[in-house]
1. List the pairs whose first member sits in segment 320-337 and is in contact (Cβ under 8 Å) with a residue 40 or more places away in the chain and under 10 Å from Asp252 (Cα atoms), whose second member is acidic (Asp, Glu) and surrounded by 12 or more Cβ atoms within 10 Å (Cβ to Cβ), and whose Cβ atoms are under 7 Å apart, counting only residues at least 6 apart or on separate chains?
2. Scan segment 129-152 and tell me whether some residue there is of a type in the set (Lys, Arg) and closer than 29 Å to Asp60 by Cβ.
3. Quick one: which of Ser178, Ser169, Ser190 is surrounded by 15 or more Cβ atoms within 10 Å (Cβ to Cβ), of a type in the set (S, T, N, Q), touching a residue at least 60 places away in the same chain (Cβ under 8 Å) and over 25 Å from Phe54 (Cα atoms)?
4. Which number in (1) in a loop (DSSP other than H, G, I, E, B); (2) at pLDDT below 85; (3) surrounded by fewer than 19 Cβ atoms within 10 Å (Cβ to Cβ) marks the one condition that Lys350 misses?
5. Determine, yes or no, whether Glu192 is part of a helix (DSSP H, G or I), within 30 Å of Lys294 (Cα to Cα) and at pLDDT 90 or above.
6. What is the residue count in segment 165-189 for residues that are at pLDDT 90 or above, more than 12 Å from the chain's Cα centre (by Cα) and hydroxyl-bearing (Ser, Thr, Tyr)?
7. Of all residues in segment 133-164, how many are modelled with pLDDT of 90 or more and of a type in the set (S, T, N, Q)?
Amino acid sequence: ILGEHLRICPQGYTCCTSEMEENFANKSRSEFEAMMKEAGRSVQTTLTAQYRSFDSYFQDLLNKSEKALYDAFPSIYGELYTQNMKVFKDLYSELRRYYRGSNINLEEALNEFWTRLLERLFKLLNPQYHITDEYLDCMVKHAEQHKPFGEVPRDLKVKATRAFIAARSYAQGFLVGSDVVKKVSQVSLSHECTRAIMKLMYCPHCRGMSSVKPCNNYCLNVVKGCLANQADLNTEWKYLMDSLVGVADRIDGPYNVDTVIGTIHMRIAEAISNLQENKDSLTAKVFQGCGNPKISTKGSSSEDKKRRGKATLEPKSSAQALEMLVLDAKGNLTALKTYWITLPGSLCSKKVMASSAADDKCWNGMTKGRYGEGQGGQGRAGGQSSPGLQQREGRDVTHHKADSRGSRHVCLCAGDDMSGSGSGDSCPDDVCGKRLSKSPSTRQPETHAIPKQSGHGINGASSRSLPSAFLLLLSVAFIAAQHLWR
């Protein structure tokens, strides 16, 4: 029949009624959005699998260290351990909570552990005295300057803070990336894009050419235009992937989580041994500064005399497993760096099933024949310069960048209050890189016009603006990535 009633497809002779054309438009939109989600799910699966692998490894490493402490300390230290078990349990609990993303000041948590341990051990090592809470406050102030545990607290705080920041950044970076892909892949097509996809995929059916594939460059131009906003994420996305690769190098290098986390129990044992060896001199200095406490009526215990000697503990590590995890992750991250700009080509070749570039018997938007135009560029600017794409006056789409006014510069230690100190100011310098003078989150909003549905059928059309919530998420991720490493 004559096609004068058609609104999207060429108005020549056609097999489609108006209702059929509308049904095809709805079908093409749902199918294309399903393609986007399917492609996104593949990336999400990869990133989530990497997160789970590392998370399982890290949790296992921490669990083994804690178990080694629980297994060995009772026989080595007796009451020094059994009466202070909660102090050790609380430490590992705080370390897990920090790794999981809780708003915990890691340095303060470690300082609190050593203070509580010193108070408990000082009383147990001096059972003949009645030591009050007020006396303990004075003791802590005088004892700290004498380093009762040796250099262990300071050394462990530096190394553990770096290792945990890197581990938390690494794990949460995969989750951020997965969430980014999920949100972007769920963005629905605009009205203009729905028309362009319909013309690409189903207008051949209305011309009785259901077996004719779309021309490759025609498909690429339409899909690039529809995914122009997504392509503009490429810079931020690539930076996030590169940053995760950088962190991967650090957790298997200078901030080796295997070495640090797997030996926490050994460092605690070393610290307790230092305190035992320095007991007499430490006690004398405390008594000199705080006065002599009253003699206890309970008498002294011989437990301390029974529990002497250094602990001989083995590290709980799996260096080879970490190396394999990092190698696998770096390979996947490198492969995903160009995801957004290669997505149109992937959809055209694998989903839309476009013909080869040299095919002169493909659907070119109007009929079966050669598609004589080249490909447009990437992103919104490139999409507008694609052959046959013209701007429509009065139909501007403002692409809002997330407004980060009032936000703080933080490590990817993950969002607000995720630095080692909880303030964003105490991330190690070599974990948090130099602050850039101008980040994408502070750029002014940009305005881009939707291409007009006209010309030779080369009708790429911008998809709707990405959700502001997603843009805020990506902005936070990008800012965080900037400060991960130099």
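1. Hits for this filter: Leu322/Asp252; Leu322/Asp258; Glu323/Asp252; Val326/Asp252.
2. Within segment 129-152, not a single residue is of a type in the set (Lys, Arg) and closer than 29 Å to Asp60 by Cβ.
3. Result: Ser190 is the single residue among Ser178, Ser169, Ser190 that is surrounded by 15 or more Cβ atoms within 10 Å (Cβ to Cβ), of a type in the set (S, T, N, Q), touching a residue at least 60 places away in the same chain (Cβ under 8 Å) and over 25 Å from Phe54 (Cα atoms).
4. With (1) in a loop (DSSP other than H, G, I, E, B); (2) at pLDDT below 85; (3) surrounded by fewer than 19 Cβ atoms within 10 Å (Cβ to Cβ) applied to Lys350, the lone miss is (1).
5. No: the conditions fail for Glu192.
6. 1
7. Number satisfying all stated conditions: 1.
Every residue, every condition in (1) aliphatic (A, V, I, L, M); (2) within 26 Å of His130 (Cβ to Cβ); (3) touching a residue at least 12 places away in the same chain (Cβ under 8 Å); (4) open to solvent by 30 Å² or more (accessible area, probe 1.4 Å), yes or no:
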{"position": "Leu227", "(1), (2), (3), (4)": "yes, no, yes, no"}
{"position": "Thr235", "(1), (2), (3), (4)": "no, no, yes, yes"}
{"position": "Val247", "(1), (2), (3), (4)": "yes, no, yes, no"}
{"position": "Gly262", "(1), (2), (3), (4)": "no, no, yes, no"}
{"position": "His265", "(1), (2), (3), (4)": "no, no, yes, no"}
{"position": "Asn278", "(1), (2), (3), (4)": "no, yes, yes, yes"}
{"position": "Gly289", "(1), (2), (3), (4)": "no, yes, yes, yes"}
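The values are calculated or read from the model by the stated rules, or taken from the named source; none is laboratory data. Just so it is clear, the model here is predicted, and its values are computed rather than measured. Positions of Cβ are backbone-derived with ideal geometry, glycine not excepted, and every protein chain shown enters the neighbour counts. Ligands, DNA and RNA are excluded from the accessible area calculation, which covers all protein heavy atoms including side chains. Shrake-Rupley method; radii C 1.70, N 1.55, O 1.52, S 1.80 Å.
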